[in-house]
1. If I go through the stretch 63-80 residue by residue, how many of them are open to solvent by less than 60 Å² (accessible area, probe 1.4 Å) and out of contact with any helix residue (DSSP H, G or I) (no Cβ under 7 Å at 6 or more places or on another chain)?
2. Do you know which residues across the stretch 13-37 are touching a residue at least 60 places away in the same chain (Cβ under 8 Å) and open to solvent by less than 30 Å² (accessible area, probe 1.4 Å)?
3. Could you count how many residues in the stretch 21-73 are touching a Phe, Trp or Tyr at 6+ places or on another chain (Cβ under 9 Å) and among the polar types (S, T, N, Q)?
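The values are calculated or read from the model by the stated rules, or taken from the named source; none is laboratory data. Keep in mind that what you see is a predicted model, and the values were worked out from it rather than measured. Here the Cβ positions follow ideal geometry from the backbone for every residue, glycine too, while neighbour counts run over all protein chains shown. Keep in mind that these areas ignore ligands, DNA and RNA; they rest on the heavy atoms of the full protein, side chains included. Shrake-Rupley method; radii C 1.70, N 1.55, O 1.52, S 1.80 Å.
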Amino acid sequence: QVQLVESGGGLLQPGGPLRLSCRASGSAFSLYAVGWYRQAPRKARELVATLTNSGNTNYADSVKDRFTISRDNAKNTVYLQMNSLKPEDTAVYYCNQGGSAIGYWGKGTQVTVSS
């Protein structure tokens, strides 16, 4: 059973940066695609960014040029660097390993962007 633990969320003002981390248990982390998703109040969970095991990335249009997903396979960790944060980025951010349909999920970390 893979466990994913997110960290790095918080409350910050618009325009600021924040980096989320997600550490995974298990020995096969490098074989899987990883991703970040988010869910705002009263909205469905949505894709933020994904990163395959070969390095291909995909971003939601709303975060392109502001967010960057990366991974450190030696540390079993995936990161989400978020810049120029906006109030509409406020959500619970979830880490995923293995795809949204059948993969594993973390419990989420809250990001609140507010002045």
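1. 11
2. Correct list: Gly16, Leu20, Cys22, Ala24, Phe29, Val34, Gly35, Trp36, Tyr37.
3. Count: 8.
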